[in-house]
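Peer 1: Got a structure for you, questions after.
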Amino acid sequence: MRRIPSRIANWLMAKLSGVDIHDFGTTFKAYRRELIEQVPLYGELHRFIPALASCMAPTICEIPIRT
């Protein structure tokens, strides 16, 4: 039951932010230190780092993770 709302939320975030990644909520993320130091983070905003970072960085990409 959690997959459908998650997919909808990820699709909506991708469309609204213009960042084409599959999972905005994953905790597996890597960023350049200089970029993260500029991103304002408050509370649960970690989920929106890709969208916030896209305003400051020329490119954002997704790297697959095997579990």
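Peer 1: Hey, if you put +1 on the Cβ of every Lys and Arg and -1 on every Asp and Glu Cβ in the chain, which of Cys55, Ala9, Gly43 ends up farthest toward the positive end of that dipole?
Peer 2: With unit charges placed on the Cβ atoms, the residue in question is Ala9.
Peer 1: Which one, Ala30, Ala14, Ala51, has the greatest fluctuation when you compute a Gaussian network model over the chain with C-alpha springs under 10 angstrom?
Peer 2: Ala30
Peer 1: Tell me the per residue accessible area of the chain using a 1.4 Å probe; a whole number in Å² is fine.
Peer 2: Working: 5970 Å² over 67 residues.
Each residue of the chain exposes 89 Å² on average to a 1.4 Å probe.
Peer 1: Angle check, please: helix 3-17 long axis (alpha carbons) against the longest principal axis of the chain (alpha carbons), in degrees 0 to 90, nearest 10.
Peer 2: 40
Peer 1: So what is log10(I(q)/I(0)) for the chain at q = 0.11, 0.13, 0.16 1/Å, when the Debye sum runs over its Cα atoms only?
Peer 2: Once normalised to I(0) and log-transformed, intensities are -0.26, -0.36, -0.55.
Peer 1: Probe radius 1.4 Å, ligands and nucleic acids ignored: give me the carbon and sulfur share of the accessible area of the chain as a rounded percent.
Peer 2: Working: 3530 of 5970 Å².
Solvent-exposed carbon and sulfur of the chain make up 59 percent of the total.
Peer 1: Hey, what do the phi angles of segment 36-46 turn into as Karplus ³J(HN,Hα) couplings, whole Hz, using 6.51/-1.76/1.60 and θ = phi - 60°, x for Gly and Pro?
Peer 2: 3J(HN,Hα) across segment 36-46, in whole Hz: 5, 5, 8, 7, x, 10, 9, x, 8, 5, 4.
Peer 1: Can you pull out the chymotrypsin sites (Phe, Trp or Tyr not before Pro) in the chain whose DSSP state is coil and whose Cβ has at most 12 other Cβ atoms within 10 Å? Each step should come with its number before you reach the end.
Peer 2: Numbers: sites: Trp11, Phe24, Phe28, Tyr31, Tyr42, Phe48; in loops: Phe24, Phe28, Tyr31, Tyr42.
Within the chain, the qualifying chymotrypsin sites (Phe, Trp or Tyr not before Pro) (loop, at most 12 other Cβ atoms within 10 Å) are Phe28, Tyr42.
The values are calculated or read from the model by the stated rules, or taken from the named source; none is laboratory data. What you see is a predicted model; the values in this text were computed from it and never measured. Note: ideal-geometry Cβ built from the backbone for every residue, glycine included; neighbour counts use all protein chains shown. Each accessible area value is taken on the protein alone, full model and side chains, heavy atoms only, with ligands, DNA and RNA left out. Shrake-Rupley method; radii C 1.70, N 1.55, O 1.52, S 1.80 Å.
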